[in-house]
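These notes concern the structure reproduced below.
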Amino acid sequence: MQWAIERIELLNPTLNAVITPLYDQALAAAAAPPTGPLAGIPFLVKDLVAEVAGAPFSEGSRFVRGTVSHYDSELVRRLRRAGLLIMGKTNTPEFGMVPTCEPLAFGPTRHPWDTGRSTSGSSGGVGRGRRLGDGADGARQRSRWIAAVPASACGLFGLKPTRARNPLGPEYGDAINGWACEHALTRSVRDSAALLDPAGPAAGDPYGVSQPGRRFADEVGADPGRLRIGYTARTPDGAPRHPDCVAALDDAVALCAALGHEMIEADLPGLTPEVGSAIGTVFVAATAWIVQYWIRRLGRCPADDEFEPLTRAYWERGEQVSAAGYLLAIEDCQAFARVVARFLTGIDVWLTPTLSTPPLRIGEIASTPQEPMRSARSGATTVAYAGVVANITGNPAMSVPLWWNADGMPIGVHFLGRYGDEATLLRLAGQLETARPWSGRRPPHSVAEVIRSG
């Protein structure tokens, strides 16, 4: 356990990833006889949604900062029972709203491959490259993404599970109409699958999901068979694509074809401007819900300087959404989910680049009081592909780190699977990892590289 503490302390002054060390809790847990399939493995929890009893909780917000959690979230309880040792909580943008991790409350998390760049978000602090770490996935305004974004940016494997696979209780049930979910960013496919095995909805959860026929860990290394993989380099709205992201896709298409899969160029249908508008309505309404939740929990309203400019702008817009307008937007999104389900009857998975640009420089995705929407506009340039689809539909998806550009930055590719079918994704991911191993690649700001350089 002490080795994990030393490694966090060695890197954190540079990366600013862990904002709340929980070493005493972890050492106390480690003193007991280890039990569970993941016994003794250090783990970091993102400081968003998931609560850890006795730990500070802020969700990246100056308004919330100072709150102390009085309970473990259901998922945290399950991970503890599996044997994980929670070492601390990691940085996150305010309420997970932008594809970067630069909250005013704690300062930016710096990229382990290039400290001048963003780790993306919202799991930016998780993307620093340790073995295991929690990642929560919430829907964002218009064309947004899943936890795959920081996985792609930082060269990690990121799996977004099927809706209801992991519980959100006891505090949340229907979080943003089922768009929010929890899982982890990991170095290996094996670790991600093992973390998913304690999953399953809790009693009383609003959604259900079919249980797997066997452990998810057993899917890693299993033969995926010959899959029909749809793919496209085109963005839904025709936004410009960075050549590095297209090159990463081309490389993945060639690799999958060499592994025997049938590759079919196919654009995702149904992501119309009307659906985009509905996504925006749900997002700003969700922001208003988040703010009202914290007002009720804290028993006070925020001061003028306690929200970042973008949060306040979204909140004000969300307060103007009527109940009828919200429900109409939900219906539009649910209709789109049915279009996606029909699309996936013809293919097994759908492949795109995860991001539409390499990670931007720190400060480029930032708002000011004079330009509160600046971070939304600049952030949108990095997430022009349709990662938001997995949030709307509840389908599983993953970002796989197969390619690095000439600057040495990782560029991930994104696979969308059928509802409830993490097994196919994990089998494919295991095959790709065997064919193109990535876990041995270490960024300049990693323990191995720091020790090697003296």
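The values are calculated or read from the model by the stated rules, or taken from the named source; none is laboratory data. What you are looking at is a predicted structure, and each value in this text was computed from that prediction instead of being measured. Reconstructed Cβ throughout: ideal geometry from the backbone, glycine too, with neighbour counts over all protein chains shown.
One line per residue, one yes/no per condition, for (1) at pLDDT 90 or above; (2) surrounded by fewer than 24 Cβ atoms within 10 Å (Cβ to Cβ); (3) within 17 Å of MET409 (Cα to Cα); (4) under 10 Å from the mean Cα position of the chain (by Cα):
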{"residue": "THR92", "(1), (2), (3), (4)": "yes, no, no, no"}
{"residue": "VAL98", "(1), (2), (3), (4)": "no, no, no, no"}
{"residue": "THR115", "(1), (2), (3), (4)": "yes, yes, yes, no"}
{"residue": "ARG130", "(1), (2), (3), (4)": "no, no, no, no"}
{"residue": "GLY135", "(1), (2), (3), (4)": "no, no, no, yes"}
{"residue": "ILE146", "(1), (2), (3), (4)": "no, no, no, yes"}
field: Counted residues, region 165-206 - those being outside any loop (DSSP other than H, G, I, E, B), over 17 Å from ASP421 (Cβ atoms) and not charged (D, E, K, R)
entry: 5
- prompt: Out of all the residues in region 371-383, which are part of a loop (DSSP other than H, G, I, E, B), aliphatic (A, V, I, L, M) and under 18 Å from the mean Cα position of the chain (by Cα)?
  reply: VAL383
- line: A careful count of residues in region 207-238 that are of a type outside the set (Val, Ile, Thr), in a loop (DSSP other than H, G, I, E, B) and surrounded by 13 or more Cβ atoms within 10 Å (Cβ to Cβ) gives 11
message: Please pick out the residue among ALA184, ALA193, ALA202 that is surrounded by fewer than 21 Cβ atoms within 10 Å (Cβ to Cβ), touching a residue at least 12 places away in the same chain (Cβ under 8 Å) and on the phi < 0 side of the Ramachandran plot.
response: ALA202
query: How many of the residues making up region 384-404 are surrounded by fewer than 24 Cβ atoms within 10 Å (Cβ to Cβ) and under 13 Å from the mean Cα position of the chain (by Cα)?
result: 0
- request: Note down all Cβ pairs under 9 Å where the first residue falls in region 249-260 and is more than 13 Å from ALA233 (Cβ to Cβ), the second is of a type in the set (Phe, Trp, Tyr) and surrounded by 12 or more Cβ atoms within 10 Å (Cβ to Cβ), and they're at least six residues apart or on different chains.
  value: CYS256/TYR231
- request: Scan region 283-321 for residues that are of a type in the set (Asp, Glu) and either surrounded by 14 or more Cβ atoms within 10 Å (Cβ to Cβ) or free of Cβ contacts under 8 Å to residues at least 12 places away in the same chain (or both) and jot them down.
  value: ASP304, GLU306, GLU308, GLU316
query: Just checking, which of THR368, THR357 is within 26 Å of PRO273 (Cα to Cα) and assigned to a loop (DSSP other than H, G, I, E, B)?
result: THR357
- prompt: Just checking, how many residues over region 249-281 are out of contact with any Asp or Glu (no Cβ under 9 Å at 6 or more places or on another chain), over 16 Å from GLN431 (Cα atoms) and in a helix (DSSP H, G or I)?
  reply: 3
field: Cβ-Cβ under 6 Å pairs, at least 6 apart or on other chains, region 342-355 side closer than 14 Å to GLU422 by Cα and in contact (Cβ under 8 Å) with a residue 60 or more places away in the chain, far side in a loop (DSSP other than H, G, I, E, B) and hydrophobic (A, V, I, L, M, F, W, C)
entry: ASP348/LEU227
statement: Over region 200-237, the set of residues more than 30 Å from LEU38 (Cα to Cα), of a type outside the set (A, V, I, L, M, F, W, C) and within 24 Å of the chain's Cα centre (by Cα) is GLY230, TYR231, THR232, ARG234, THR235, PRO236, ASP237
Residues satisfying the stated conditions in region 322-354, i.e. assigned to a loop (DSSP other than H, G, I, E, B) and surrounded by 14 or more Cβ atoms within 10 Å (Cβ to Cβ): LEU344, ILE347, ASP348, THR354
field: Long-range neighbours under 6 Å by Cβ, at least six apart or interchain, first residue modelled with pLDDT of 95 or more within region 387-405, second of a type in the set (Asp, Glu) and not in a loop (DSSP other than H, G, I, E, B)
entry: PRO396/GLU422; TRP403/ASP251; ASN405/ASP244
task: Could you tell me which of the residues ARG228, ARG214, ARG241, ARG165 is in contact with a strand residue (DSSP E or B) (Cβ under 8 Å, 6 or more places away or on another chain) and farther than 30 Å from ALA17 by Cβ?
output: ARG228
